[in-house]
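Derivation of every value follows stated rules applied to the coordinates shown; laboratory data play no part. None of the values given here were measured: they were computed from a predicted structure. Here the Cβ positions follow ideal geometry from the backbone for every residue, glycine too, while neighbour counts run over all protein chains shown.
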Amino acid sequence: MARSNQVVNPAAENALDRMKFEVASELGIADRIRSGGWNTMTSADCGRVGGHMVRKMIESYESGMTSGTSSASQTGGTMTQNSNINS
C-alpha cells in the first residue's frame, strides 16, 4: 500500500505543525528550522522529531484511557468503548 502525506483530519493540521515545532524546540533544533526551514534538516533530525511526536501522542492517548476517557471516543473516533483488558 502506498503512503500518503494527507492528514486524516484536516482540522488537525495546524495543531500537528505546532506540535512538530514544539518537539523541535525540545530537541534544540528549532533555531536551525527557523533559519533554514524544514527542507534543510537531515532525515535523522526529521526522524527524531517524528518519533517524539508519536511518543507524545501515545502518552496522551494512554493517559486519557487511564482517566476513563479516550481521545478517540471524545473526538468521534472509531473506539466505541473503553475496556480494561487486565481486569
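Could the peptides 4-12, 50-58, 38-46, 22-30 be put in order, highest first, of the mean number of other beta-carbon atoms found within 10 Å of their residues?
Ranked by mean Cβ neighbours within 10 Å, highest first: 22-30, 50-58, 38-46, 4-12.
Compute the signed sum of charges (Lys and Arg +1, Asp and Glu -1) over the other residues within less than 14 Å, Cβ to Cβ, of residue 25.
Combined, the nearby Lys, Arg, Asp and Glu give +1.
Let me see the P(r) profile for region 14-73: every Cα-Cα distance counted, bins of 5 Å, each bin given as a percent of all pairs.
Per 5 Å bin, starting at zero, the Cα-Cα P(r) for region 14-73 comes out as 4, 18, 25, 20, 12, 9, 7, 4, 1 percent.
What number, in percent, do you get for the relative contact order of region 14-73 if the mean sequence gap of Cα pairs under 8 Å and at least 6 apart is divided by its residue count?
With pairs under 8 Å counted, the relative contact order is 29 percent.
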